[in-house]
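The values are calculated or read from the model by the stated rules, or taken from the named source; none is laboratory data. Computed from a predicted structure; not experimentally measured. Cβ sites come from the backbone with ideal geometry, for glycine too, and all protein chains shown count toward neighbours. Side chains are part of the model used for accessible areas, which takes the heavy atoms of the whole protein and leaves out ligands, DNA and RNA. Shrake-Rupley method; radii C 1.70, N 1.55, O 1.52, S 1.80 Å.
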Amino acid sequence: MKKILIYGANGYTGRLILEEAFSRNLSITIAGRNELEILKLSEEYNVACEVFALDEREKMLRVLNSHDVVIHCAGPFMYTAMPMVKACLETSTHYLDITGEYQIFEQIHDLDEAAKTANVMLMPGAGFDVVPSDCLAAKLKEQMPDATDLKLAFTSVGGGLSRGTSKTMVEGSHEGQQYRRGGKLETKSLGTSFREIDFGAMKQLSVGISWGDIATAYFSTGIPNIEVFTGSSAKQIIQLKWMGRLSFLLKMRWVKNFLKKQVDKKRPGPSAEKRGAGKMYLWGQASNGQTAVESRLTTPNGYTLTAKTAVLIASKIVNDDYKAGYQTPAMAYGSGLILEINGTEFS
């Protein structure tokens, strides 16, 4: 049986992915740099384990050589993705991760030819970031092949943020909002782009954010103008504007470290009850300058969905269902991929 390595399995989302893979009786090994936590998980689930940090290159190569695919869960990925990706190219190991950082999509996209030469698939964003939104973007492109503008948005009911997600947000807090215009990434001030969006279940004030789709939706559809929004409130938009004005402070490492220490005082992530009750609502609009089409998508809670989509894609790979090179979820598996997850529905 082909083997899956889950790196960062002791993190909040990593553990959810472990639980999902274990429930599907896949051949898995868990790994991470925290020996005590990895050994404890290994005993709890009776699965093989490895302990190594990403700067222990020789050990990482040895472990990857005996695995067919890695699900990389240890962020922030701006620090962790490239060491793992480069090792995967050297060992011909397929790479998945759960990032939503647009910079990572751009960097790994540049390794497309190297991945094809190694006959491996590189797919960052195999979780909520960005499987459902990428499928939504691809569906809109199918409905309007000549689209020049794409707007995507998401919001949640129930749930909350994990520590890992919160720390990633801290790392990017000094930037403005990134969006794509004419195929190029551009920046605007935080909190200056907002609109009311009809998600179907509710209408909600939403604000522009630097989400991974400004990269992945472009690679999937070729639409040159892309902006992403998330559900917000008037109070939050004011806070974002102040963050923009204080960006010079948020660039300082000691400020980021202080904020991350505050994150560590919080719960690891939403409880199982909150995840079970939560839902994600996505909206998309494609236009060609004359007409527009809209579509909506409902999914389970984002963390629950991440575990299911990451393991679904890994299981496809071990069954030799993959495309070599850099891939987005929709590029590799089409806009209908998300519908393979129970509780998802387009409208």
> Could you give the dipole magnitude of the chain about its Cα centre, charging the beta-carbon of Lys and Arg +1 and that of Asp and Glu -1, in debye to the nearest 20?
Replying inline: 1200 debye
> What FRET efficiency, computed as 1/(1 + (r/R0)^6) with R0 = 25 Å and r the Cβ-Cβ distance, is obtained for residue 321 and residue 82, rounded to the nearest 0.05?
Replying inline: 0.45
> Based solely on its DSSP helices, what 222 nm [θ] is calculated for the chain when runs of n ≥ 4 H residues each add -39,500 (n - 2.57) and the sum is averaged over all residues, nearest 500 deg cm²/dmol?
Replying inline: -12500 deg cm²/dmol
>> Considering the Cα positions of the range 274-347, please state its Rg to one decimal place and its Dmax as a whole number of Å.
In response: 14.6, 44
>> Could you give the length gained by full extension between residue 112 and residue 274, i.e. 0.36 nm per residue of separation minus their alpha carbon distance, to one decimal place?
In response: 54.5 nm
> With every protein chain present, what accessible area does residue 308 have (1.4 Å probe, heavy atoms only), rounded to the nearest 10 Å²?
Replying inline: 70 Å²
>> Treating only the Cα positions of the chain as identical point scatterers, give the base-10 log of I(q)/I(0) from the Debye formula at each q in 0.11, 0.14 Å⁻¹.
In response: -0.70, -1.17
> If you roll a 1.4 Å probe over the heavy atoms of the protein chains, what accessible area per residue do you get for the range 67-148, in Å²?
Replying inline: 31 Å²
> What is the Å³ per residue value for the convex hull set by the Cα atoms of the range 29-97?
Replying inline: 80 Å³
> What does the convex hull of the Cα atoms come to per residue for the range 1-134, in Å³?
Replying inline: 102 Å³
> With every protein chain present, what accessible area does residue 181 have (1.4 Å probe, heavy atoms only), rounded to the nearest 10 Å²?
Replying inline: 130 Å²
> the range 59-145: D in µm²/s via Stokes-Einstein (Kirkwood Rh, Cα pairs, 10 °C, 1.306 mPa s)?
Replying inline: 117 µm²/s
>> Quick check: residue separation of residue 58 and residue 181 times 0.36 nm, minus the Cα distance between them. What number comes out in nm?
In response: 40.1 nm
> At what distance in nm do the modelled label points of residue 65 and residue 48 sit from each other, each positioned 7 Å from its Cα along Cα→Cβ?
Replying inline: 1.4 nm
> To the nearest 10 square angstrom, what accessible area does residue 213 show with a 1.4 Å probe?
Replying inline: 0 Å²
>> If DNA, RNA and ligands are ignored and the probe is 1.4 Å, what is the ranking of 109, 94 by accessible area, most exposed first?
In response: 109, 94
> Looking at the range 50-152, how many pairs of lysines come closer than 24 Å at the Cα, when each pair is eight or more places apart or spans two chains?
Replying inline: 4
